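> Could you have a look at this structure, given as structure tokens, before my questions?
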Amino acid sequence: MISYFVYTIISLGCSYVLYVLLLRKQKTFQFNRFFLLSALVLCLVAPFLEFELFKAVPSITQIQLDKFTETDAIIDTVDNVTIGEEVTVNPYRVNPILIIYGLISLLLIIRFSRNLYQIYNLTRLEYEIIGHLKLIKIEDSNMVSSFFSYMFIPKQHTLSREDYKSIIAHETVHSEELHSVDIILLELLSCIFWFNPFIWLYKKAVLQNHEFIADEKSVLSGINIENYSNTIINLGQKEYRVPLTSGFNFIQIKNRIIMLHQSKSSVFKQTLKISSVTLLLAGIFVFSSYKDLKEPLVVVIDAGHGGKDIGQKSNNVSEKDIILNISNLLASLSDDKVDIVLTRQNDEFLELSERVELINSRKPDLFLSLHSNAHTDKTIRGTEAYYNPKHELAETSLDYANILVENQLNNFSSRGVKEATGFYLLKNTRVPGVYLELGFMTNESNRVMLTDKDQQLKIAQSIYDGLLEIRKTK
């Protein structure tokens with residue numbers, strides 16, 4: 001989330017600088033409107049998109065097999081195993097920063113809703129139709145403004161004939177150009193992204209550009225430019241207007257007068273600047289999209305057994321050593337996408353309660369306990385996963401288990417996902433948890449794969465790929 005905040009601030013800042021340097025003083029008002037709105041939306045959306053520009057051809061590990069659907073999964077039930085005392089699972093603590101963000105956003109949304117309701121009440125008043133506008137006289141505002149086809153004017157106004165004509169032309173442009181749609185969009189984005197300072201700068205720039213558009217089109221409609229300028233000056237001292245409306249005298253007088261009398265640049269210069277801005281905006285968008293801004297998936301890998309607890313043993317090879325090797329290889333793949341934490345890095349014995357304490361204190365997105373299996377029937381082989389169906393996060397654990405089993409299909413055949421309510425770690429941890437049995441040591445083909453160092457690296461890579469897939473589902 002922090003990364004998202006940073007990249008949206010950077011990308012919006014860069015695009016806003018482009019606008020200030022290349023477009024703000026140009027009379028390309030319609031393009032400026034398109035640029036401001038598209039840049040605002042694209043920069044906020046871009047971090048959620050990922051463009052792998054330099055990875056057009058996926059590696060073997062990126063080529064997905066057919067989805068291992070829930071109907072394909074083998075759901076068995078393992079007999080309950082009671083080991084140690086059950087620990088009460090406490091609910092997650094809510095991040096106080098999220099609470100503050102939510103409260104401020106809620107207050108802004110309430111304010112926005114109140115303003116909309118205020119306008120709705122005004123539109124219920126009697127109105128007079130003038131051209132495309134519905135003129136409503138109100139008492140609680142001393143400014144002329146409009147909202148879609150509704151125009152609000154002070155009840156006790158003292159406007160000259162020329163001023164009145166200029167105002168009607170100006171507000172008609174606001175109505176026809178649907179500037180109220182832009183204002184509503186900006187207000188909604190401000191409620192959600194209020195923490196981003198450039199949101200407010202964009203809002204100001206869009207509203208100012210609205211006035212430039214309305215001024216230009218009003219003069220082009222046949223109104224004398226000098227009379228129109230005088231109207232801007234005469235009405236520019238008013239302060240209060242109806243919220244969410246477009247106002248004739250809303251923007252700084254000086255900027256509007258200067259822009260109104262400014263000559264247009266040559267077509268060549270305008271085209272050059274528009275092309276430059278478009279290419280630079282595309283570059284900012286691609287940059288923002290290319291970065292992977294998701295938080296890393298934090299995973300605690302529990303290498304089963306250890307020390308005096310050797311686990312399964314076959315042909316003088318113990319489960320604890322095999323699993324430790326695979327766990328360490330998996331930890332070596334830890335990066336900014338998958339942050340891997342090990343319960344043990346060497347051949348040491350850890351009580352189950354110690355493992356639970358480590359997992360709960362770290363608060364990972366997932367804990368994964370690795371094991372290898374054994375059976376009296378040496379023909380039985382394959383990988384299988386276990387989850388606790390009674391855990392409050394059982395559905396998430398089941399989804400993760402299916403993904404992890406699916407990603408082992410290149411190494412082992414699948415024995416599906418099974419339920420286990422008695423496994424100590426699955427009962428007493430407060431996060432999604434999966435036991436992953438990596439093949440059977442009692443099966444010759446599985447044992448050869450489990451004990452081969454190259455194959456162990458391949459298994460570790462497959463687990464990592466499964467974790468990447470889980471990260472995408474978050």
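> Can you find a residue in segment 291-314 that is buried (at least 18 other Cβ atoms within 10 Å of the Cβ) and part of a helix (DSSP H, G or I)?
For segment 291-314, residues buried (at least 18 other Cβ atoms within 10 Å of the Cβ) and part of a helix (DSSP H, G or I): absent.
> With the condition kept exactly as written, say whether any residue in segment 87-99 is at pLDDT below 65 and among the charged types (D, E, K, R). It would help to see each step written out before you state the result.
Of segment 87-99, the ones at pLDDT below 65 are 87-94.
Those still in the list that are among the charged types (D, E, K, R) too: 93.
Yes, there is a match, as at least one residue in segment 87-99 is at pLDDT below 65 and among the charged types (D, E, K, R).
> So which helices (runs of 4 or more DSSP H) stay within segment 356-474 end to end and still have 1 or more residues that are closer than 17 Å to L297 by Cα?
Working: elements: 394-406, 424-428, 444-451, 453-473.
Counting at least 1 such residues, we get 394-406, 453-473.
> Further, regarding this structure: Do we find a residue being part of a loop (DSSP other than H, G, I, E, B), in contact with a helix residue (DSSP H, G or I) (Cβ under 6 Å, 6 or more places away or on another chain), at pLDDT 50 or above and within 30 Å of K217 (Cα to Cα) anywhere in segment 32-44? Even if it seems obvious, please write down each step before you answer.
Restricting attention to segment 32-44, the residues satisfying the condition of being part of a loop (DSSP other than H, G, I, E, B) are none.
No: segment 32-44 contains no residue that is part of a loop (DSSP other than H, G, I, E, B), in contact with a helix residue (DSSP H, G or I) (Cβ under 6 Å, 6 or more places away or on another chain), at pLDDT 50 or above and within 30 Å of K217 (Cα to Cα).
> In segment 14-31, what count of residues is obtained for those that are part of a helix (DSSP H, G or I) and either in contact with a Gly (Cβ under 9 Å, 6 or more places away or on another chain) or over 20 Å from D182 (Cα atoms) (or both)?
Step one: list which residues in segment 14-31 are part of a helix (DSSP H, G or I), which gives 14-23, 29-31.
Subsequent filtering for residues that are either in contact with a Gly (Cβ under 9 Å, 6 or more places away or on another chain) or over 20 Å from D182 (Cα atoms) (or both) retains 14, 17-18, 21-22.
Number satisfying all stated conditions: 5.
Condition check ((1) within 17 Å of F212 (Cα to Cα); (2) touching a residue at least 40 places away in the same chain (Cβ under 8 Å); (3) touching a Gly at 6+ places or on another chain (Cβ under 8 Å)) across all residues:
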position: R124; (1), (2), (3): no, no, no
position: G131; (1), (2), (3): no, yes, no
position: I153; (1), (2), (3): no, no, no
position: H157; (1), (2), (3): no, no, no
position: E176; (1), (2), (3): yes, yes, no
position: S180; (1), (2), (3): yes, yes, no
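> I would also like to ask the following. Taking the condition of a type outside the set (S, T, N, Q) and out of contact with any strand residue (DSSP E or B) (no Cβ under 9 Å at 6 or more places or on another chain), does I119 pass? Break it down into steps so the answer makes sense when it comes.
Details: of a type outside the set (S, T, N, Q): yes; out of contact with any strand residue (DSSP E or B) (no Cβ under 9 Å at 6 or more places or on another chain): no.
When the stated conditions are applied, I119 does not pass them.
> Then there is this: Return the residues of segment 441-474 that are among the hydrophobic types (A, V, I, L, M, F, W, C) and touching a Gly at 6+ places or on another chain (Cβ under 7 Å); say none if nothing qualifies.
M449, L450
> So, in segment 417-440, of the ones that are among the aromatic types (F, W, Y) and either farther than 12 Å from S369 by Cβ or in contact with a Leu (Cβ under 6 Å, 6 or more places away or on another chain) (or both), which residue ends up surrounded by the fewest Cβ atoms within 10 Å (Cβ to Cβ)? Give the steps one after another, and end with the answer.
Filtering segment 417-440 down to residues among the aromatic types (F, W, Y) leaves 423-424, 435, 440.
Pick out the ones that are also either farther than 12 Å from S369 by Cβ or in contact with a Leu (Cβ under 6 Å, 6 or more places away or on another chain) (or both) and you get 424, 440.
Numbers: Y424: 19, F440: 27.
That would be Y424.
> Restrict the check to segment 166-189 and report whether at least one residue is over 30 Å from L12 (Cα atoms), assigned to a loop (DSSP other than H, G, I, E, B) and either modelled with pLDDT under 90 or not acidic (D, E) (or both).
The answer is no, given that none of the residues of segment 166-189 is over 30 Å from L12 (Cα atoms), assigned to a loop (DSSP other than H, G, I, E, B) and either modelled with pLDDT under 90 or not acidic (D, E) (or both).
> Here is a further query. Among (1) among the hydrophobic types (A, V, I, L, M, F, W, C); (2) at pLDDT below 90; (3) surrounded by 11 or more Cβ atoms within 10 Å (Cβ to Cβ), where does F54 come up short?
Evaluating F54 over (1) among the hydrophobic types (A, V, I, L, M, F, W, C); (2) at pLDDT below 90; (3) surrounded by 11 or more Cβ atoms within 10 Å (Cβ to Cβ) leaves (3) as the failure.
> Something else about it: So, I380, is that one in contact with an Asp or Glu (Cβ under 7 Å, 6 or more places away or on another chain) and either β-branched (V, I, T) or open to solvent by 50 Å² or more (accessible area, probe 1.4 Å) (or both) or not? Walk me through how you get there before you give the answer.
Values: in contact with an Asp or Glu (Cβ under 7 Å, 6 or more places away or on another chain): no; either β-branched (V, I, T) or open to solvent by 50 Å² or more (accessible area, probe 1.4 Å) (or both): yes.
So I380 fails the test.
> Quickly run through segment 358-386 and pick out the residues that are charged (D, E, K, R) and more than 17 Å from A420 (Cβ to Cβ).
Quick first cut of segment 358-386, residues charged (D, E, K, R) only: 362-363, 365, 377-378, 381, 384.
If the condition is that a residue be charged (D, E, K, R) and more than 17 Å from A420 (Cβ to Cβ), then R362, K363, D365, D377, K378, R381 are the ones that fit.
> Also, quick follow-up: Is it the case that segment 441-454 has a residue that's touching a His at 6+ places or on another chain (Cβ under 9 Å), surrounded by 22 or more Cβ atoms within 10 Å (Cβ to Cβ) and within 18 Å of L329 (Cα to Cα)?
No, segment 441-454 has no match at all.
> Being open to solvent by 40 Å² or more (accessible area, probe 1.4 Å), among the hydroxyl-bearing types (S, T, Y) and in a helix (DSSP H, G or I) is the requirement here; does Y228 meet it? I'd like the intermediate steps shown before the answer.
Details: open to solvent by 40 Å² or more (accessible area, probe 1.4 Å): no; among the hydroxyl-bearing types (S, T, Y): yes; in a helix (DSSP H, G or I): yes.
No, not satisfied.
> Continuing with the same structure: What are the residues in segment 133-170 that are in contact with an Asp or Glu (Cβ under 7 Å, 6 or more places away or on another chain) and loosely packed, with under 15 Cβ neighbours inside 10 Å, if any?
Listed by number, the list holds a single entry, K155.
> Name the pairs whose Cβ atoms lie under 7 Å apart, with the first residue in segment 228-242 and closer than 17 Å to I213 by Cα, the second of a type in the set (S, T, N, Q) and modelled with pLDDT of 70 or more, and 6 or more positions between them or separate chains?
Going by the 7 Å Cβ cut-off, the qualifying pairs are Y228/S166; Y228/S218; T231/S166.
> Residue pairs, Cβ under 7 Å, 6 or more apart or interchain, first in segment 270-285 and open to solvent by 70 Å² or more (accessible area, probe 1.4 Å), second of a type outside the set (K, R). List them.
L280/L18
> Here's something else I'd like to know. How about segment 142-163: which of its residues are under 47 Å from the mean Cα position of the chain (by Cα), not hydrophobic (A, V, I, L, M, F, W, C) and not in a loop (DSSP other than H, G, I, E, B)?
Of segment 142-163, the ones under 47 Å from the mean Cα position of the chain (by Cα) are 142-155.
Next, only the ones that are not hydrophobic (A, V, I, L, M, F, W, C) stay: 142, 145-146, 149-150, 154-155.
Once the filter is applied, which keeps residues that are under 47 Å from the mean Cα position of the chain (by Cα), not hydrophobic (A, V, I, L, M, F, W, C) and not in a loop (DSSP other than H, G, I, E, B), segment 142-163 yields S145, S146, Y150, P154.
> I'd like to know if segment 396-411 contains one or more residues that are open to solvent by less than 20 Å² (accessible area, probe 1.4 Å) and either more than 14 Å from G466 (Cα to Cα) or among the aromatic types (F, W, Y) (or both).
Initial filter on segment 396-411 (open to solvent by less than 20 Å² (accessible area, probe 1.4 Å)): 397, 401-402, 404-405, 408, 411.
Now narrow it down to the ones that are either more than 14 Å from G466 (Cα to Cα) or among the aromatic types (F, W, Y) (or both): none.
Looking through segment 396-411, none of the residues is open to solvent by less than 20 Å² (accessible area, probe 1.4 Å) and either more than 14 Å from G466 (Cα to Cα) or among the aromatic types (F, W, Y) (or both).
The values are calculated or read from the model by the stated rules, or taken from the named source; none is laboratory data. Nothing here was measured: the structure is a model prediction, and the numbers come from that model. Please note: Cβ atoms are built from the backbone with ideal geometry, for glycine as well, and neighbour counts cover all protein chains shown. For the accessible areas, the whole protein counts, side chains as well, though only heavy atoms, and no ligand, DNA or RNA atoms are used. Shrake-Rupley method; radii C 1.70, N 1.55, O 1.52, S 1.80 Å.
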